[in-house]
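Novice: The structure that follows is given in the form of structure tokens.
The values are calculated or read from the model by the stated rules, or taken from the named source; none is laboratory data. Just so it is clear, the model here is predicted, and its values are computed rather than measured. Quick reminder, even Gly has a Cβ in these numbers, built from the backbone with ideal geometry, and neighbours come from all protein chains shown. The accessibility values were calculated without ligands, DNA or RNA, using every heavy atom of the protein model including side chains. Shrake-Rupley method; radii C 1.70, N 1.55, O 1.52, S 1.80 Å.
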Amino acid sequence: SRETVLRGSALSERRKISASPLMVYAIADLHGDYDQAIAALRLCGLIAADGSWAGGNATLVQTGDLVDRGPDSLKVLELFRTLRRQAAQAGGRVVTLLGNHEALNLEGDFRYVNEAELQSTGRETWSEMFDPEAGAIGAELRG
């Protein structure tokens with residue numbers, strides 16, 4: 001079945017696609033938008049309806065900017081962390097590259113962080129999480 005989706009000025013067709021073995025998929029600029037992250041991954045056939053990895057031995061490359069702007073940066077980061085583990089168990093791979101928005105957070109520049117997410121997490125807690133030396137997210141992003 002086909003469903004037409006209008007998001008901003010982008011018009012795309014959504015149809016059932018299965019991830020192919022030995023395929024490489026690239027997704028960019030999710031910017032804390034969990035719902036669109038899920039939609040993009042499902043469109044590629046990389047995740048199942050329950051959000052688990054369905055890409056087999058495919059490789060997913062996220063080219064940066066998982067965070068900022070949208071209300072769910074932490075949720076998007078956790079999604080990719082989980083998919084990385086699940087993909088590895090299935091013979092696939094999830095690679096996340098450092099984008100300029102991740103770099104800004106590592107540098108303590110939170111001007112693009114969604115205000116509601118920053119307030120609910122707390123500025124100090126956010127800063128601690130993204131600390132490049134001591135923070136869990138900071139250390140993970142640094143690789």
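Novice: Residues that are in contact with a strand residue (DSSP E or B) (Cβ under 8 Å, 6 or more places away or on another chain) and charged (D, E, K, R): does segment 81-101 have at least one?
Specialist: Yes, segment 81-101 contains a residue that is in contact with a strand residue (DSSP E or B) (Cβ under 8 Å, 6 or more places away or on another chain) and charged (D, E, K, R).
Novice: Name every residue in segment 57-74 that is of a type outside the set (A, V, I, L, M), open to solvent by less than 30 Å² (accessible area, probe 1.4 Å) and out of contact with any strand residue (DSSP E or B) (no Cβ under 6 Å at 6 or more places or on another chain), in order of residue number.
Specialist: Selection gives Gly64, Asp65, Asp68, Gly70, Ser73.
Novice: Can you say whether Ala87 is crowded, with 19+ Cβ neighbours inside 10 Å and modelled with pLDDT under 95, as far as the supplied structure shows?
Specialist: No.
Novice: Also, I was wondering about something else. Being in a loop (DSSP other than H, G, I, E, B) and in contact (Cβ under 8 Å) with a residue 40 or more places away in the chain narrows it down to one of Gly70, Gly64, so name that one.
Specialist: Checking each option against the conditions leaves just Gly70.
Novice: What single numbered condition from (1) among the hydroxyl-bearing types (Ser, Thr, Tyr); (2) modelled with pLDDT of 95 or more; (3) over 18 Å from Leu141 (Cα atoms) fails to hold for Ser73?
Specialist: Result: Ser73 fails condition (3) only.
Residue by residue, here is whether (1) over 30 Å from Thr125 (Cα atoms); (2) over 11 Å from the mean Cα position of the chain (by Cα); (3) among the β-branched types (Val, Ile, Thr) holds:
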residue: Gln36; (1), (2), (3): no, no, no
residue: Leu46; (1), (2), (3): yes, yes, no
residue: Asn57; (1), (2), (3): yes, yes, no
residue: Ser73; (1), (2), (3): no, no, no
residue: Leu79; (1), (2), (3): no, no, no
residue: Thr82; (1), (2), (3): no, no, yes
residue: Arg85; (1), (2), (3): no, yes, no
residue: Val94; (1), (2), (3): no, no, yes
residue: Leu97; (1), (2), (3): no, no, no
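Novice: Within segment 22-35, is even one residue farther than 22 Å from Glu117 by Cα, in a loop (DSSP other than H, G, I, E, B) and open to solvent by 20 Å² or more (accessible area, probe 1.4 Å)?
Specialist: Checked against the condition, which is being farther than 22 Å from Glu117 by Cα, in a loop (DSSP other than H, G, I, E, B) and open to solvent by 20 Å² or more (accessible area, probe 1.4 Å), segment 22-35 yields at least one hit.
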